[in-house]
1. Tell me which residues come under 5 Å, amide H to amide H, from ASN241 once H is placed; ignore anything under 5 positions away on its chain.
2. Just how large is the dipole of region 125-267 about the Cα centre, in debye to the nearest 20, putting +1 at every Lys and Arg Cβ and -1 at every Asp and Glu Cβ?
3. What ranking, highest mean first, results for peptides 154-162, 215-223 when packing means the other Cβ atoms within 10 Å averaged over each residue?
4. Any idea what the dipole of the chain comes to, in debye rounded to 20, about its Cα centre with Lys/Arg Cβ at +1 and Asp/Glu Cβ at -1?
5. Residue-wise, which Karplus ³J(HN,Hα) couplings in Hz belong to region 25-33, taking 6.51 cos²θ - 1.76 cosθ + 1.60, θ = phi - 60°, and x for glycine or proline?
6. Kindly rank 41-53, 99-111, 238-250 from highest to lowest mean number of other beta carbons found within 10 Å of each residue.
7. Counting alpha carbon pairs within less than 8 Å and at least 6 residues apart, what relative contact order, in whole percent, applies to the chain?
8. Which of ILE47, ALA4, VAL33 sits farthest toward the positive end of the charge dipole of region 2-278, with +1 on the Cβ of Lys and Arg and -1 on the Cβ of Asp and Glu?
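What follows draws every value from the coordinates through simple rules; no lab data is involved. Please read these numbers as outputs of a predicted model, since none were measured by experiment. Neighbour counts are summed over all protein chains in view; Cβ atoms, including those assigned to glycine, are modelled from backbone coordinates with ideal geometry.
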Amino acid sequence: MSTAGSFNTSDVRSWQQPQADTSSEINFAKPYVAPPRLPLGLNFLDIDHSANIRVKAFASNITNNAFKVSVDSWGDSKLYSGGVSWLELAPANLEYQCGQFATTDDHPWDKPQPETSRRINFDRPFVTPPKVVAFINELDMSKDYNWRVTTTTTDIDATGFTIHINTWSDSVLYSATAAWIAYPEDRKYVVSGSANVTEVRPWTTNQLDNSKHVSFAGADFWKAPSVFMALNTLDIDHKANLRLKVYPSDVTKDGMTWHADSWSDTVLYNAGLSYICLV
């Protein structure tokens with residue numbers, strides 16, 4: 001059995017009191033027989049544009065009963081708010097595999113490059129090519145150019161896949177980390193996928209609120225599922241603060257609506273999200 005959870009820094013402090021380290025102790029609804037795996041991704045960002053964009057989300061001190069979730073920044077970055085979503089994978093739930101890849105696994109942060117990829121081999125091969133969902137949980141980008149980053153997967157087969165963390169144009173991506181979750185493709189009680197703002201409007205149109213309905217047709221849901229949702233893409237103008245949030249609404253056993261929104265004077269060209277819905 002797996003379930004999704006989320007945390008926002010505003011749960012423990014005001015956005016008007018930014019700080020580099022923000023964390024909270026999270027208690028599991030029921031104790032596990034052993035510490036679960038906790039893949040997690042960013043779902044909310046509000047960061048000042050006057051310094052480089054530096055943010056990371058991670059779990060630590062994981063036990064059978066609880067863990068510590070953190071959304072941190074470093075250097076002179078000013079993190080007003082940050083949010084994270086995670087999936088609790090029970091120790092016995094071996095049909096799910098997960099991991100993460102950082103660009104610094106390939107090259108140093110001070111030698112940025114626009115494209116980075118790595119072949120990921122599963123610990124245990126699947127019978128058929130699985131579903132693979134990827135998302136971002138750490139970013140370090142220059143303040144002097146628009147913030148553009150995306151993570152994707154290609155060449156998925158039963159033994160592994162290739163993960164990509166890319167930027168484009170004049171953006172400078174010092175480093176980024178993408179996490180991933182893979183599971184058997186024939187599961188009727190799981191729906192996953194990705195969505196992008198360009199599904200509802202051109203990237204050239206600055207629109208702060210963006211949403212679309214997703215159908216769960218074909219899934220064997222008998223109730224509204226638990227939803228994990230995190231960022232996989234962003235393209236935002238650097239002249240105003242980076243403000244972006246992705247979240248679901250109107251979740252039923254038949255479908256949901258995803259949202260990728262910004263606010264205030266932020267110029268949101270594009271955003272993408274990954275999701276896993278399960279009961």
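1. Under 5 Å from the amide H of ASN241 lie the amide H atoms of HIS49, each far enough along the sequence or on another chain.
2. On the way: 12 positive and 17 negative charges, 64 e Å.
For this selection, approximately 300 debye.
3. Per-residue mean Cβ counts within 10 Å order the peptides as 154-162, 215-223.
4. Values: 23 positive and 31 negative charges, 97 e Å.
Taking the Cα centre of the chain as origin, the dipole is about 460 debye.
5. Coupling constants for region 25-33: 7, 10, 9, 5, 4, 9, x, 9, 6 Hz.
6. 41-53, 238-250, 99-111
7. 21 percent
8. VAL33
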